[in-house]
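The structure under discussion appears below in the form of structure tokens.
The values are calculated or read from the model by the stated rules, or taken from the named source; none is laboratory data. Please read these numbers as outputs of a predicted model, since none were measured by experiment. Every residue, glycine among them, receives a Cβ derived from its backbone with ideal geometry; neighbour counts consider all protein chains shown.
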Amino acid sequence: MTDETDRRTAETVIVGGGPAGASAAVFCARAGLDTLVFDRGRSSLKRCAHLENYLGFPGGIDVATFYELARAQMREFGAELVSDLVESVTRTDTGFRVETQQGRVVETDRLVAAAKYDADYLRPLGTQDAMFTTHEHDGESEAYFDREYPDDDGRTPIEGLYVAGPLAGVADQAIVAAGHGATVARTLIADARRDDGYWDAVADRVDWVRRAAELDDEWTDRERWREWFDGQVLDDLSREAETVDRVREAVIDEKLAAYIDDAEIERRAERGHRRLAATLDDDAIVDGLDDPTVVLDSLDDDTIRSYLDEP
Ligand SMILES: Cc1cc2nc3c(=O)[nH]c(=O)nc-3n(C[C@H](O)[C@H](O)[C@H](O)COP(=O)(O)OP(=O)(O)OC[C@H]3O[C@@H](n4cnc5c(N)ncnc54)[C@H](O)[C@@H]3O)c2cc1C
């Protein structure tokens, strides 16, 4: 039974919290989209015995810790994670209705299918012939999701439906899936911004964090940014004044917020080390502090010691 508390809306639903979906979620949430991730069921990555080719982990990383880090990062930027299996997706007037095994019902504008082993929940969309292809296997014919259904950026012929990771035909490795998840999220974010009145020239969101020292004095002045913005969209300033003002100011806010000063850079570095240490096994950290050859050598020892002293 579904009660009212199980019904809600989200701007973006991501099916799958593996490398492809988790990466897409980080980008969507950082762009300010209300992002809900469902993650349950058959996982490719959980079959991997030890992840050794994902950049940034010199000794490799066990899959459970990798998932914990990915989940923490999604939550850090505001994505909501729900451990539930998506069973069906249908169209609504404005997007999609998602139903789960445990009776949750979510209406969403956009949906990213990012579960390598499962696309069955898309069948109720009613475009099976275009979306699934049939293969003979042991004399039986089986329908598989057609990996050529989405384009390279993950868009599909169904507006608002995107596909990420190996399900979209990219190579089968975790880091490749994560990279594609980011690409698909950028596509989705740009589409959402266009729908919100953004011009093509400013729809793409470049997710950079920049040093304030790189910001010339000229660009600390909002008027200078307004001139820049008007130059970008010059050929189409004829839209409603309210839209022009709203989008212009939002783009300038975003540009300026990307710059952080030295104190903030240091604060974030220390926080990053503490978050990483909090995920690791304390005994391994203590050993690592005494062993210059292990990965923890790259973390700041004082930060780690202060983390270990914390109750
Ligand atoms: C045996 C094996 C070993 C591997 N070893 C490596 C390796 O060493 N290095 C490497 O880079 N790659 C490895 N891979 C490949 C890697 O696992 C995949 O390329 C990568 O995980 C694909 O990411 P994904 O997010 O698309 O899918 P997945 O990793 O499968 O993640 C999808 C997620 O979606 C969830 N899900 C599924 N269905 C639903 C649903 N209906 N509703 C909600 N959630 C759902 C799953 O629980 C899962 O968490 C290995 C694969 C296998 C099979």
Next on the checklist: Looking at G16, G56, G41, G32, can you tell me which residue is of a type outside the set (V, I, T) and either surrounded by fewer than 14 Cβ atoms within 10 Å (Cβ to Cβ) or not assigned by TED's automatic domain parsing to the domain that holds A119 (or both)?
Outcome noted: G56
Checklist outcome for this item: The strands (runs of 3 or more DSSP E) lying entirely within the range 82-162 that contain at least 1 residues which are in the same structural domain as H180 (by TED's automatic domain parsing) and under 19 Å from the mean Cα position of the chain (by Cα) are 86-91, 96-100, 105-113
Next on the checklist: Given the options G41, G18, G59, name the one that is over 17 Å from A182 (Cβ atoms), within 15 Å of the ligand (Cβ to nearest atom), out of contact with any strand residue (DSSP E or B) (no Cβ under 8 Å at 6 or more places or on another chain) and modelled with pLDDT of 95 or more.
Outcome noted: G41
Next on the checklist: Being over 20 Å from D200 (Cα atoms), touching a Gly at 6+ places or on another chain (Cβ under 7 Å) and surrounded by fewer than 24 Cβ atoms within 10 Å (Cβ to Cβ) is the filter here; which residues of the range 132-190 pass it?
Outcome noted: R147, E148
Checklist outcome for this item: Exactly one of T100, T35, T65 is more than 9 Å from the ligand (Cβ to nearest atom) and in contact with a strand residue (DSSP E or B) (Cβ under 7 Å, 6 or more places away or on another chain), and that residue is T35
Checklist entry - Within the range 210-229, is even one residue aliphatic (A, V, I, L, M) and either surrounded by 18 or more Cβ atoms within 10 Å (Cβ to Cβ) or touching a Cys at 6+ places or on another chain (Cβ under 8 Å) (or both)? => result no
